[in-house]
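Here is the structure we will look at.
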Amino acid sequence: SIIEHIQAYEAAEFTVSFSVFLLPSTIEGWKSLIYKGSSAQEMTPAIMWWPKDTRLHVRVSTEKLQNEGLDSIGAIPLKKWTQITITYSGKLLQLYINGLLDSQVILQGNIIVKENNKFELN
C-alpha cells in the first residue's frame, strides 16, 4: 500500500505504532516493512527486517547523515501478534517492542522529511 504525503508528516517529532503478525519468509536479503522516500538517501522513516533473522533495522535521514538509526536487540517472534512503536523527539530515536524499550540512539543530526515522498507499507 502507498499513503500519499500530507503536511502533518513534516513534524519535527513523530510516533509510528503498529502490530505485526510475522510469518516465515523465503525472501532473501533486506525486507522493507515501512518506507518513506523515493531513494536510498531518503529514509524518514524506514523500517526493515534484517536479511537472516527477525530483528528490525530502523533508519532515518538526517542533516548530518543520510542513513542513521538503530537495530532491535530483540527478535520479533513468528506467528504471534507483536506491538512495534518507534518514537523520535529531539535527536532521540527509540524502539519499543510490546511496550518495552528495546533500543535507542541519539542521532547526529535533525531528521529530514521530504515533502513529495510517499509512505510505502509492505
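The values are calculated or read from the model by the stated rules, or taken from the named source; none is laboratory data. Computed from a predicted model, the values in this text were never measured in an experiment. Side chains are part of the model used for accessible areas, which takes the heavy atoms of the whole protein and leaves out ligands, DNA and RNA. Shrake-Rupley method; radii C 1.70, N 1.55, O 1.52, S 1.80 Å.
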Worksheet item: If you check residue 15 against the conditions, is it of a type in the set (Val, Ile, Thr), outside any strand (DSSP E or B) and modelled with pLDDT under 95?
Response: no
Worksheet item: Hey, residue 26 hits all of (1) open to solvent by 40 Å² or more (accessible area, probe 1.4 Å); (2) at pLDDT 90 or above but one; which does it fall short on?
Response: (2)
